[in-house]
Every structure is written in C-alpha cells, then in structure tokens.
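In what follows, a single structure is set out as structure tokens and then discussed.
The values are calculated or read from the model by the stated rules, or taken from the named source; none is laboratory data. These numbers were taken from a predicted model, which means no experiment stands behind them. Heads up, the Cβs are rebuilt from the backbone with ideal geometry, glycines too, and the neighbour counts pull from every protein chain shown.
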Amino acid sequence: MKFGSTPIVSTAQKAIIDSGTSLLAGPKEQVDALAKQVGAQSVMGKEYTIDCSKKASLPALTVTLGGKDFTLGPDDYVLTVSGQCLFAFTGIDVPAPRGPLWIMGDVFMRKYYCVFDYGNKKMRIAPAAKAAHNSTEIVV
C-alpha cells in the first residue's frame, strides 16, 4: 500500500473487502501515521477530519491486491459530510492470527465493483461504471 510514492505498509498484510464497513480500516498505528502525514485531525480517536481546501493536493492511495494495483484518489477517500471533510480511514487493531489486516469498505467498493465467487474461492475486481445521470429508485 502506497500513499503517493510513500509506502504505508512495508510488509505484506492481509486485506478483506467488506460491504458492512463504511470506511477504510487498518492498524491504528498505520492509520494514525497516514492521518498525520496529510494533516488530518482525530475526532474522539476513531475518525479524522481534514481541511477541505487540502483535498485537491492530496496524493493517490494505491492498494495492491493479488499482485494488481487499485488506486483511490482524494475524491474517493475524502468524504464531505454536512460541510465537513472526513478523511475516510479508521484505526482498528485485529490481533493475530487474523490480523494485522486492512478492511476495504464502501470507500473502496464505490470505485471498484467486486464479485465474490465462493464456489471457486475467487474474487474479481473491476472499475465500477460511472452513472451517466443521478440514480433513480425503482420499487418492485
């Protein structure tokens, strides 16, 4: 995992893709260092806010999964909520043997379409298509 050209993770770590997780979650020490690098401020030790004017100058985040690179730009990982900018990372320490790990939540899944093929124990990831217009709710 790299933030711009700076490695965040120096050794391979596990990652899961989880639609039940809203943000990008990783080991607290790594997330804290990442937040410090961009000047994000901790909110109650769980989430981070960032000055909205910094968004355009933030680097891309590159995650390598299965030997393939997947990139998230600042428009993907900085969310605007009620006029504030949320740095869409949270620290979570998952103990061994399952951790340490990163959880790629909805922030990742908004940009990449994920297909979970349980029968063949495979996962496929592709860039999500952009909607040509606002979505419409259809009730059936």
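Annotations for the structure displayed:
- Checked against (1) touching a residue at least 12 places away in the same chain (Cβ under 8 Å); (2) on the phi > 0 side of the Ramachandran plot, A60 passes all but a single condition, namely (2).
- Which listed residue is touching a residue at least 40 places away in the same chain (Cβ under 8 Å), closer than 24 Å to K130 by Cβ and in contact with a Ser or Thr (Cβ under 6 Å, 6 or more places away or on another chain), from D18, D106: D106
- Odd one out for G26 among (1) touching a residue at least 60 places away in the same chain (Cβ under 8 Å); (2) within 13 Å of I92 (Cα to Cα); (3) small (G, A, S); (4) loosely packed, with under 13 Cβ neighbours inside 10 Å: (4)
- Checked against (1) surrounded by 16 or more Cβ atoms within 10 Å (Cβ to Cβ); (2) under 21 Å from P127 (Cβ atoms); (3) more than 16 Å from the chain's Cα centre (by Cα), V94 passes all but condition (2).
- Enumeration of residues in the stretch 11-67 that are hydrophobic (A, V, I, L, M, F, W, C), farther than 16 Å from F87 by Cβ and more than 15 Å from the chain's Cα centre (by Cα): A12
- The stretch 1-23 - residue that is charged (D, E, K, R) and closer than 22 Å to Y113 by Cβ and, of those, surrounded by the most Cβ atoms within 10 Å (Cβ to Cβ): D18
- Positions within the stretch 97-129 being in contact with a Lys or Arg (Cβ under 7 Å, 6 or more places away or on another chain), loosely packed, with under 12 Cβ neighbours inside 10 Å and part of a loop (DSSP other than H, G, I, E, B), in sequence order: none
- For the stretch 55-96, the set of residues classified as of a type in the set (D, E, K, R) and assigned to a helix (DSSP H, G or I) consists of K55, D75, D76, listed by residue number.
- Only residues that are in a loop (DSSP other than H, G, I, E, B) and either among the β-branched types (V, I, T) or at pLDDT below 95 (or both) were counted across the stretch 41-54, and they come to 3.
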